[in-house]
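What follows is a single structure, written as structure tokens, with notes after it.
The values are calculated or read from the model by the stated rules, or taken from the named source; none is laboratory data. All figures in this text were calculated on a predicted structure; none of them were measured in a lab. Because the Cβ atoms are built from the backbone with ideal geometry, glycine has one as well, and the counts that use them run over all protein chains shown.
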Amino acid sequence: METNVRPAKEVSRPVRLSRLARIGKELNRSKHYYLLMSPYMIIFFLFTVIPVVLSLGLSFFYFNMLELPRFVGWQNYSRLFLNDDIFMIALKNTLMFAVITGPISYLACFIFAWIINELSPKVRAFMTLIFYAPSISGNVFFIWLIIFSGDSYGYMNGFLMKAGFILEPIQWLLDEKYILPIVMIVQLWLSLGTSFLAFIAGLQTVDKTLIEAGTVDGIKNRWQELWYITLPSMRPQLMFGAVMQITASFAVADISIALAGFPSVNYAAHTIVTHLMDFGTIRFEMGYASAIATVLFFLMIGSNKLTQRMLRKVGE
């Protein structure tokens, strides 16, 4: 008995594009966007990516700007961590800056932005200018040099002597006990900059309907509104602000030099960046300076990764 068995229809499967083909298709579809981005990307690649890669490679060489680079392997790093006592002081000071001024300035930026955002538009614009002005002032260090002047005409010494707390002037910027705290205070005063503006902008973009829906769902006070609605809604601004504050706290140099000199007394305000400037722009030991820059780079990357992991938990 014959049976007619029909052959099963072959199921046609879409041909999977290779990864290179998908990238090419995406580039072709968005070519206009990439064309508009190309000037910035070219400049970024030439002046940021290439120097970072070259610095990483140069950290394994001895290079004094006069002779050809000579490969020394890990010698620069071993010298940095085992034989350079000044670098260890700079590392300690930099980590203190990052741990103390970083979180405090970050929270201060957000709290002040949150408070100012509740004001009327005209008052908000004026207060934003007042808080942002110190970060763009050119002669800001001159003000603090007057405040912490080491003679009796300095504002701090004058106030303390008049109040009877001290009998003779204190050399604020020449005593290693006071130098680092003073530089931290000035750094905190200057910290309401780009991150502060980013938080103001982020608070302006929070959807009001989410707040109304949260009220219906059981949010009872402003703190719950802040944690469950406001902060998750402005995660991009929070991330941007964290990156800016971490970078600023690790890259302290100008404030230290302007207030405490270069180098400061017993290296009390010496940071990794000032150590980098010492070997890179004065001694011209470019290989060793590149090793210092590489260590600073990985410190910043690690801090940013840790901060991103913490910010992901906001609103959970």
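Numerical summary
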quantity	calculated
Any chance residue 294 is out of contact with any strand residue (DSSP E or B) (no Cβ under 9 Å at 6 or more places or on another chain), more than 13 Å from residue 90 (Cβ to Cβ), at pLDDT below 90 and not in a loop (DSSP other than H, G, I, E, B)	no
Count of segment 51-108 residues which are closer than 30 Å to residue 244 by Cβ, out of contact with any Gly (no Cβ under 6 Å at 6 or more places or on another chain) and not basic (Lys, Arg)	34
Matching option when the condition is surrounded by 10 or more Cβ atoms within 10 Å (Cβ to Cβ), at pLDDT 90 or above and more than 30 Å from residue 269 (Cβ to Cβ), among 23, 89, 42	42
Residue in segment 115-132 that is closer than 23 Å to residue 250 by Cα and among the aliphatic types (A, V, I, L, M) present	no
Qualifying residue in segment 131-139 (condition: free of Cβ contacts under 8 Å to residues at least 40 places away in the same chain, loosely packed, with under 13 Cβ neighbours inside 10 Å, in a helix (DSSP H, G or I) and more than 22 Å from the chain's Cα centre (by Cα))	no
Some residue of segment 51-59 being over 20 Å from residue 282 (Cα atoms) and part of a strand (DSSP E or B)	no
Scope segment 268-286; condition at pLDDT below 90 and among the hydroxyl-bearing types (Ser, Thr, Tyr); matching residues	281
Residue in segment 59-73 that is surrounded by 15 or more Cβ atoms within 10 Å (Cβ to Cβ) and within 16 Å of residue 297 (Cα to Cα) present	yes
Index of the failed condition, residue 152 passing every other in (1) assigned to a loop (DSSP other than H, G, I, E, B); (2) at pLDDT 85 or above	(2)
Pair list, Cβ under 6 Å, 6 or more apart: segment 188-217 residue within 12 Å of residue 128 (Cβ to Cβ) and among the basic types (Lys, Arg), other residue in a loop (DSSP other than H, G, I, E, B) and modelled with pLDDT of 80 or more	none
Hits in segment 62-76 - residues which are touching a residue at least 60 places away in the same chain (Cβ under 8 Å) and not in a loop (DSSP other than H, G, I, E, B)	62, 76
